[in-house]
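Heads up: the structure comes next, in structure tokens.
The values are calculated or read from the model by the stated rules, or taken from the named source; none is laboratory data. What you are looking at is a predicted structure, and each value in this text was computed from that prediction instead of being measured. Reconstructed Cβ throughout: ideal geometry from the backbone, glycine too, with neighbour counts over all protein chains shown.
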Amino acid sequence: MNRYKSYTTIFLLLGALTTAYAQPRFSARAIAGLTAAQIDGDISAGYHKVGVQAGLGVSARLKGKQAASVEFLFTQRGCRNQPQYYPLFSTTLNYVEVPFQWHYSDWLMEGKNGKSDWYRVTFNTGLAYGRLISYKDKFNDGFGINAALEDLNENSATLLLGASFNVTRHLGWSFRYNRALNFLYRPGEGKNYRNSLYEHFLAFQLHYRL
């Protein structure tokens, strides 16, 4: 995997976020949270793989209660079996993600001391592009999806649905469900693993509006 291309993308996106934030229609936010992931096709079921998610986002106001946003995130996905069951396996997949979303807000809160109004609740949906930049198999014992790692699809497209609750004008939390639209691995594209692999994960975020 070409990490230098990924880093170049990072700097370009950060520059775009900074430029957008300088315009009055736009607002920026910092994002940090946890993910709970699973991969259909391994020998375990359930959102057992916990990872981290962090990055930046920028939103643009549209008509009425609507908004659009783009984010740049580092996201950990992967799979892990339940620790009380053998064989043990735990695989972490590290992604750079760029979600594009549409938002609809409600529960208007009036601004005070000359500040603008804001909303308590927001619902969102969108699509995200992800690039697999690295992976790590904790036990490296041949179990789980270890045999498929060298042949994984490095490009990911996901559909996401979510909701946010803003505690204050600046601070809030979000929940998102993410489901892949393409396969992480297919047997015809690799020779070492017999099952197709398909990702989905949950994201629990804290966000701070800058």
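The set of residues in segment 66-113 that are at positive phi and of a type in the set (A, V, I, L, M, F, W, C) contains only Trp107.
Looking at segment 32-61, which of the residues that are part of a strand (DSSP E or B) and of a type in the set (Val, Ile, Thr) is farthest from Arg77 (Cα to Cα)?
Here is the first cut: in segment 32-61, the ones part of a strand (DSSP E or B) are 32-40, 49-61.
Those left that are additionally of a type in the set (Val, Ile, Thr): 35, 39, 50, 52, 58.
Details: Thr35: 7, Ile39: 9, Val50: 8, Val52: 8, Val58: 23 Å.
Ranking the candidates gives Val58 first.
Only residues that are of a type outside the set (Gly, Ala, Ser), crowded, with 17+ Cβ neighbours inside 10 Å, within 21 Å of Val50 (Cβ to Cβ) and out of contact with any Leu (no Cβ under 8 Å at 6 or more places or on another chain) were counted in segment 147-178, giving 1. Contact map, segment 141-154: residues that are of a type outside the set (Gly, Ala, Ser) paired with residues that are buried (at least 17 other Cβ atoms within 10 Å of the Cβ) and modelled with pLDDT of 95 or more, Cβ distance under 6 Å, separation 6+ or inter-chain. Pairs shown: Ile145/Thr91; Leu149/Tyr135; Leu152/Leu184; Leu152/Tyr185; Asn153/Leu184; Glu154/Leu132. Only a single criterion out of (1) more than 30 Å from Gly188 (Cα to Cα); (2) touching a His at 6+ places or on another chain (Cβ under 9 Å) is not satisfied by Trp102, namely (2).
Scanning segment 99-124 for residues that are surrounded by 15 or more Cβ atoms within 10 Å (Cβ to Cβ) and closer than 16 Å to Ala60 by Cα returns Pro99, Gln101, His103, Tyr104, Ser105, Trp118, Tyr119, Thr122, Asn124.
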